[in-house]
Amino acid sequence: MRVLRKRVCRCMVWILFFVLVFLESGRECNAMENSPEELQNLHALSAVLMDARSGRVLFSKEGEVMRPMASTTKILTCILALEEGNLEEEVTVSARAAAQPAVHLQMREGQTFYLGDLLYSLMLESHNDTAVAIAEHIGGSVEGFAEKMNAKARELGCENSHFITPNGLDEEDENGLHSISAEDLATVMSYCIVESPKAEKFLEITRTNTYTFTDVSGQSSYSCQNHNSFLNMMSGALSGKTGYTGDAGYCYVGALERDGRTFVVALLGSGWPNNKNYKWEDTMKLMNYAVEHYFYEEIPIVTRLPKIQVKEGNRPESGIFEDVMVNIEVENTETSFRVLVAEEEKIHAKIKKNTVLEAPVKKGQRVGTLTYYIDDEMIKEYPIITSENISKLTYGNIFVKIAKKFLIFDMMG
């Protein structure tokens, strides 16, 4: 009987496992069936299309799943170096940096380079030794720089990322794998090209075709070639970074600007060897979809809002038993805002506010929110505030109102 029970338990475990796998695959199939037809056959395990200026996710395939990111890591290494370093600073190569595996610049321990030159080596050729040299220069050590990377990611609102290396080589520590979600990777790229105070220099570096430089001594010269083929695939291509490791597969994050619209695509696990071009196919599908379907719409901000009753409120001109109402307004200096929407998406606003307030009421007091949605997704929220002061009704106020009333009657008599 004991053996039989063990077999039954083992059988139940396997049945439960297959049921869970079936349910999960069913959810994935349903999610993809609801996706646009032209985006249902992407190669990437994770893919995100993002509006770079608002951060709104326009399309996602397992966009919140953390996966190894390979050399797409280097966009964060680059922007941190630009923001915290000086391009004229001299970077000294350590033994650790010189020992990094290919792809590498073949630095030598003790050699010195200008930081500005190394950023081209980092982003055009994706040199791993360069990444470590930069990290040690900016962060004091690779570990110190990783702390800066994770802090910056948190600052940008990235909740599904963990950085260990500055170059993206597969690595694991006590907190997990060096990994990121496609959504967070797109968020980092959006910051690099739009919000960062060094966005212009980041774009300049990543759009350069070839770059030649020497070490500080001038004795060794180097030439870099940009390997971001997407720059020549679509009009308006802005920037991008490729990546590959055995664990990550082919990865890519790229940006495009067309007619004032800026899109970012992030791909993780878009094929493995012999499928090197999958990432370009996926990128083109997503970018073409964005260009063809998403356009800016100007949305006016609601200005006429219903008044709110003030309990025991007082106005000099109001009667003793008259309801006192306070005017409210949207706390905002804009009269409208722009948002990228597809033709089939519907924009609507919801007002949530207090129905009654207790006197006294102060001008600028928050009493609700005006929220805009695209379908069920919140895109904008504005506070609703009172636009005037309302005092509390007192016995003194009542006496004055009664006195005035009788005075008027006397004058009329």
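Of note:
- Given (1) 39, 24, 20; (2) 55, 31, 22; (3) 34, 22, 20, the label whose value is semi-axes √(5λ) of the Cα gyration tensor in Å derived from this model: (2)
- Tensor-based shape of region 274-367 (alpha-carbon gyration tensor, a/c under 1.5 rounded, otherwise prolate or oblate): prolate
- Highest GNM mean-square fluctuation among Ile390, Ile374, Ile299, for the chain modelled with Cα contacts below 10 Å: Ile390.
- Nearest-20 debye value, the chain charge dipole, Cβ charges on Lys, Arg, Asp, Glu: 1620
- Spherically averaged projected area in nm², based on the convex hull that wraps the Cα atoms of region 170-234: 7.5
- Shape call, region 246-310: gyration tensor on alpha carbons, a/c limit 1.5: prolate
- Note on Lys380: lysines with a C-alpha under 19 Å away, same-chain residues under 8 apart excluded, are Lys346, Lys350, Lys352, Lys353.
- Simple rule: put +1 on each Lys or Arg Cβ and -1 on each Asp or Glu Cβ in region 160-237, find the dipole, and look at Asn232, Asn175, Val216; the Cα lying farthest toward the positive end is Asn232.
- Lysine pairs meeting the criterion (Cα under 17 Å, 8 or more apart or interchain), as found in region 60-203: 6
- GNM result for the chain, Cα springs below 10 Å: residue of Gly63, Gly368, Gly240 fluctuating most strongly: Gly368
- Cα centroid separation - region 163-206 against region 233-259, whole Å: 13
- Shape of region 166-288, Cα gyration tensor, a/c cut at 1.5: rounded
- Charge dipole of region 93-216 (Cα centre as origin; +1 on each Lys and Arg Cβ, -1 on each Asp and Glu Cβ, all else neutral): 440 debye, rounded to the nearest 20.
- For the chain, the residue among Met50, Ser391, Ala290 whose Cα projects farthest onto the positive side of the dipole built from Cβ charges is Ser391.
- Within region 160-299: Cβ-based charge dipole about Cα centre, in debye rounded to nearest 20 (Lys, Arg +1; Asp, Glu -1): 580
- For the chain, the relative contact order is 14 percent, taking Cα pairs closer than 8 Å that sit 6 or more residues apart in sequence and dividing their mean separation by the residue count.
Readers should treat all values here as calculations from the given coordinates under stated rules, not as data from a laboratory. All values derive from a computational prediction rather than experimental measurement. Please note: Cβ atoms are built from the backbone with ideal geometry, for glycine as well, and neighbour counts cover all protein chains shown.
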